[in-house]
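Taking it in order: structure first as structure tokens, then the write-up.
The values are calculated or read from the model by the stated rules, or taken from the named source; none is laboratory data. Keep in mind the model is a prediction, meaning the values are calculated, not measured. Heads up, the Cβs are rebuilt from the backbone with ideal geometry, glycines too, and the neighbour counts pull from every protein chain shown. The accessibility values were calculated without ligands, DNA or RNA, using every heavy atom of the protein model including side chains. Shrake-Rupley method; radii C 1.70, N 1.55, O 1.52, S 1.80 Å.
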Amino acid sequence: MPDPFALTDEPAPAAPLAGPAGTAGIDPPYLQGLNEAQAEAVEALDGPVLVLAGAGTGKTRVLTTRLAHLLVTGKARSFDVVAVTFTNRAAMEMKNRVAALLNRPVEGWWLGPFHALGARIVRAHAEAVGLKSNFTILDADDQLRLLKQIMALHEIDDKKWPARLLLGIIQRWKDRGLTPDKVGTEEDAISADGMAVELYKDYQARLLALNAADFGDLLLHCLTLFTTETEILARYQQKFRYLLVDEYQDTNVAQYLWLRLLAQGHHNICCVGDDDQSIYSWRGAEVGNILSFEKDFEGAKVVRLEQNYRSTPHILGAASGLIAHNEGRLGKTLWTGANEGKKVALQGVWDGEEEARVVGEDIEARQSRGENLDEMAVLVRAGFQTREFEERLITLAIPYRVIGGPRFYERLEIRDAIAYFRVIVSQDDDLAFERIVNTPKRGLGQASLQTIHHLARARGMPLYDAAQTISESDELRPKARSALRQLIGDFERWRGNLANLPHPDLAAIVLDESGYTEMWMLDKTPEAPGRLENLKELVAGLSEFENLQGFLEHVSLVMDTVENSDEAKVNLMTLHSAKGLEFDTVYLPGWEEGLFPHQRSLDEEGLKGLEEERRLAYVGITRARREARISYAANRRIYNQWQNALPSRFIGELPDENIEQSADNPFLKAGGGSGFRDAPGAFEFNSPKRAGHARDGTVIEGEAWLVPAAETASSFTSGGRVFHQKFGYGRILRVDGNKLEVAFDKAGTKKVIDSFVELA
């Protein structure tokens, strides 16, 4: 096997300039134009360096210029350098920028994402980890298929422990650098009835037998090599004299260990990142990696890039004031020499529909003034929020694109649900029936489906009619026949209820009784909660149409819209998808408790989750160059029911001097209380595990809640009649501060906050 360390094929390095300053004390052209902090980061070539690069401070320029400086000064040859990015696209951009700085291409350096670089090392030493150099890298589908085979051998119930869930657990272990023998028994006990580690062992053994690896193995095998083959590690430490790492805040434990091992020989590691933009913990990222850099690398130099070249002072002031509430950060303050610009706009609206209308009309007005739609973005916390904005933009004939995912009605779960609705409206719809006849799984295998198709073709009838006929015969096995008969019976009952039930209620019943909702509830993959939210949003959106058929016609027209790739479009995306992007005008809707910060993050991660949600808000605000517009609604339709919403605690953390709030505030109208931002510190978020109130105003125990910092006596009195948006009319039984005990006419006795009711 060729020596992976041989340098005979490496290109000759370019001759260095005459000293670090180039010629006669004049800085090389690529150093000119750098600000003081950028120049400091570029010229600190030796030893560990952490570059804390705030949003819009030119981190990519620092990375590429630093690499050029290493080569030009003769500190390193191209093949002495490893430059790690998180995407192939970022690697290509870095390569092109360095070539432009040096006026020549740079060859021979190790540049690319972690997994690509790990694959090169593993292929060079494959035998040492039980593989051959031509090993296959399995994609996600192949990984899942392999794990299902192993689960079947161990008789693991795929319904109780879905393969995707177990594969996710295995991948998280790999992200933490854990081989099967290093997984703790307490972690194993909670997964697959204590069989998860055994499955992991067999999965790894099967991969080796197939001469294959998955993406997690590419770094895991490297760690095994480096920790068991000390000579191999020493040679790589000698070979790679300089390490450059982009987006260091997004590294997981395995990536962190890989970098640390390589840097132990010389400590010439430069990591560029922003602890305030660490928002991918659900993918395994550990913000602690960047927070502990100075501890991990003794004598490390920390350079803060704080001069922002993107946003206005008010935008930066709002973002900096918000993120300052996080405890887990290294700290920096963004500033800019740009003109003051507009304050961050803050607007309360009555509900989600009005929010979409307000945003849509503002976009339309900007378009009429000649502003570019490509420079506008709507950034949402959860994917289901895009529906109302998509509907509004379609109504206004404003073109849009959804970045990071399909349009709302193109999402898998939405298309499945719509297929059910199509069969109810028309049993002749073969494409829709075929899509859902075995979704969720009903034991109708390929042979059963072929039997249905054969009869349909032979008699020239729709698949639905063929299925109905076959379900009454002995053509299928009893289990499949029973499942098909049940499905046909369900459709007949649902169809019979078309005229009797409100179509949103019928839709919810269909998704429930078909088992489709339960399928996603049992699915433990990271995508499942979002899919359930999308289904709830779909059901809620049906109320905007006269009937189910009208809705289906609307969807057909929407889906038939042909996108013009050259046309300017408004950008719709989640906040996670927006990282690294920037726009002139950014809309940030849905800033309400439970939605943003998202309740699931608070429930699962506590303070850690809250701080990541706050970093996500920081990322959202700093995407804006000229204007950022935050909105929040007094009411949201959740689970197809209207609920009162509370403004996000993040709104209360925005500095008053950087905020301009609309005078039209629904919170002033809803209950006669004070405005949300009438005075600094008007609201505070209390710690969990004490009595509080839910988003509909009902008093609850053991939850975190938002209450007035200085609670005042209620203006309501016992015996008065009131109206509540959710519970309807009722009579006040007792008043306790701002809390009311109300006997509602239909909902029974509830404890509510007075600002959620009005006099009847």
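Structure summary
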| read-out | value |
| --- | --- |
| Yes/no for Arg104 being in a loop (DSSP other than H, G, I, E, B) and basic (Lys, Arg) | yes |
| Residues (farther than 8 Å from Ala212 by Cβ and surrounded by 15 or more Cβ atoms within 10 Å (Cβ to Cβ)) located in the stretch 132-141 | none |
| Entirely in the stretch 299-415, the helices (runs of 4 or more DSSP H) that have 1 or more residues that are surrounded by fewer than 23 Cβ atoms within 10 Å (Cβ to Cβ) and at pLDDT below 95 | 352-368, 386-395 |
| Which numbered condition Phe421 fails, given (1) of a type in the set (Phe, Trp, Tyr); (2) without any contact (Cβ under 8 Å) to a residue 60 or more places away in the chain; (3) touching a Leu at 6+ places or on another chain (Cβ under 8 Å) | (2) |
| Pairs, first within 13 Å of Ile509 (Cα to Cα) in the stretch 485-497, second outside any loop (DSSP other than H, G, I, E, B) and among the aliphatic types (A, V, I, L, M), C-beta under 7 Å, six or more apart | Phe491/Val423; Phe491/Ile424; Trp494/Ile424; Trp494/Leu506; Trp494/Val510; Arg495/Ile424; Asn497/Leu506 |
| Hits in the stretch 73-110 - residues which are more than 22 Å from Leu261 (Cβ to Cβ), among the hydrophobic types (A, V, I, L, M, F, W, C) and free of Cβ contacts under 8 Å to residues at least 60 places away in the same chain | Met92, Val98, Ala99, Ala100, Val106 |
| Pairs with Cβ under 9 Å, 6+ apart, first in the stretch 433-457 and touching a residue at least 24 places away in the same chain (Cβ under 8 Å), second open to solvent by 30 Å² or more (accessible area, probe 1.4 Å) and among the small types (Gly, Ala, Ser) | Gly443/Ser482 |
| Given (1) under 25 Å from Gln237 (Cβ atoms); (2) open to solvent by 70 Å² or more (accessible area, probe 1.4 Å); (3) under 26 Å from the mean Cα position of the chain (by Cα), index of the condition Leu117 fails | (2) |
| Residue match in the stretch 239-262 (condition: among the hydroxyl-bearing types (Ser, Thr, Tyr), outside any helix (DSSP H, G or I), in contact with a strand residue (DSSP E or B) (Cβ under 7 Å, 6 or more places away or on another chain) and under 30 Å from Thr57 (Cβ atoms)) | yes |
| In the stretch 171-202, residue modelled with the lowest pLDDT [restricted to those that are open to solvent by less than 40 Å² (accessible area, probe 1.4 Å), over 21 Å from Thr228 (Cβ atoms) and part of a helix (DSSP H, G or I)] | Asp188 |
| Filter result (touching a residue at least 12 places away in the same chain (Cβ under 8 Å), open to solvent by 20 Å² or more (accessible area, probe 1.4 Å) and part of a helix (DSSP H, G or I)) within the stretch 206-220 | Arg206, Leu208, Phe215 |
| Qualifying residue in the stretch 254-277 (condition: without any contact (Cβ under 8 Å) to a residue 60 or more places away in the chain and crowded, with 18+ Cβ neighbours inside 10 Å) | yes |
| Condition met for Leu244 (surrounded by 15 or more Cβ atoms within 10 Å (Cβ to Cβ) and over 23 Å from Glu294 (Cα atoms)) | no |
| Any chance Leu146 is without any contact (Cβ under 8 Å) to a residue 40 or more places away in the chain and either open to solvent by less than 30 Å² (accessible area, probe 1.4 Å) or not aromatic (Phe, Trp, Tyr) (or both) | no |
| Residue count for the stretch 604-626, restricted to those that are surrounded by fewer than 23 Cβ atoms within 10 Å (Cβ to Cβ) and either polar (S, T, N, Q) or under 23 Å from Glu371 (Cβ atoms) (or both) | 2 |
| Residues within the stretch 717-730 that are free of Cβ contacts under 8 Å to residues at least 60 places away in the same chain and within 44 Å of the chain's Cα centre (by Cα), tallied | 7 |
| Total residues in the stretch 329-355, condition touching a residue at least 40 places away in the same chain (Cβ under 8 Å) and within 20 Å of Arg623 (Cβ to Cβ) | 11 |
| Top-ranked residue of the stretch 19-71 - restricted to ones that are part of a strand (DSSP E or B) and at pLDDT 90 or above, ranked as farthest from Val272 (Cα to Cα) | Val49 |
| Those helices (runs of 4 or more DSSP H) lying entirely in the stretch 424-516 with at least 1 residues among the basic types (Lys, Arg) | 430-436, 446-459, 478-496 |
| Residue in the stretch 509-518 that is nearest to the chain's Cα centre (by Cα), counting only those that are under 14 Å from Val437 (Cα atoms) and aliphatic (A, V, I, L, M) | Leu511 |
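Residue-wise test of (1) open to solvent by 10 Å² or more (accessible area, probe 1.4 Å); (2) modelled with pLDDT of 90 or more; (3) closer than 20 Å to Gln446 by Cβ.
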{"site": "Asp474", "(1), (2), (3)": "yes, no, yes"}
{"site": "Pro478", "(1), (2), (3)": "yes, no, yes"}
{"site": "Leu484", "(1), (2), (3)": "no, yes, yes"}
{"site": "Trp494", "(1), (2), (3)": "no, yes, no"}
{"site": "Asn500", "(1), (2), (3)": "yes, no, no"}
{"site": "Ile509", "(1), (2), (3)": "yes, yes, no"}
{"site": "Asp523", "(1), (2), (3)": "yes, no, no"}
{"site": "Ser543", "(1), (2), (3)": "yes, no, no"}
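Conditions tested, residue by residue: (1) part of a loop (DSSP other than H, G, I, E, B); (2) modelled with pLDDT of 70 or more.
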site: Asp696; (1), (2): yes, no
site: Val699; (1), (2): no, no
site: Gly719; (1), (2): yes, yes
site: Lys726; (1), (2): yes, no
site: Tyr729; (1), (2): no, yes
site: Val735; (1), (2): no, yes
site: Val752; (1), (2): no, yes
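For every residue, the table says whether it meets (1) among the charged types (D, E, K, R); (2) under 26 Å from Gly620 (Cβ atoms); (3) surrounded by 23 or more Cβ atoms within 10 Å (Cβ to Cβ).
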residue: Gly54; (1), (2), (3): no, yes, yes
residue: Lys59; (1), (2), (3): yes, yes, no
residue: His69; (1), (2), (3): no, no, no
residue: Val82; (1), (2), (3): no, no, no
residue: Thr85; (1), (2), (3): no, yes, yes
residue: Ala90; (1), (2), (3): no, yes, no
residue: Glu93; (1), (2), (3): yes, yes, no
residue: Leu102; (1), (2), (3): no, no, no
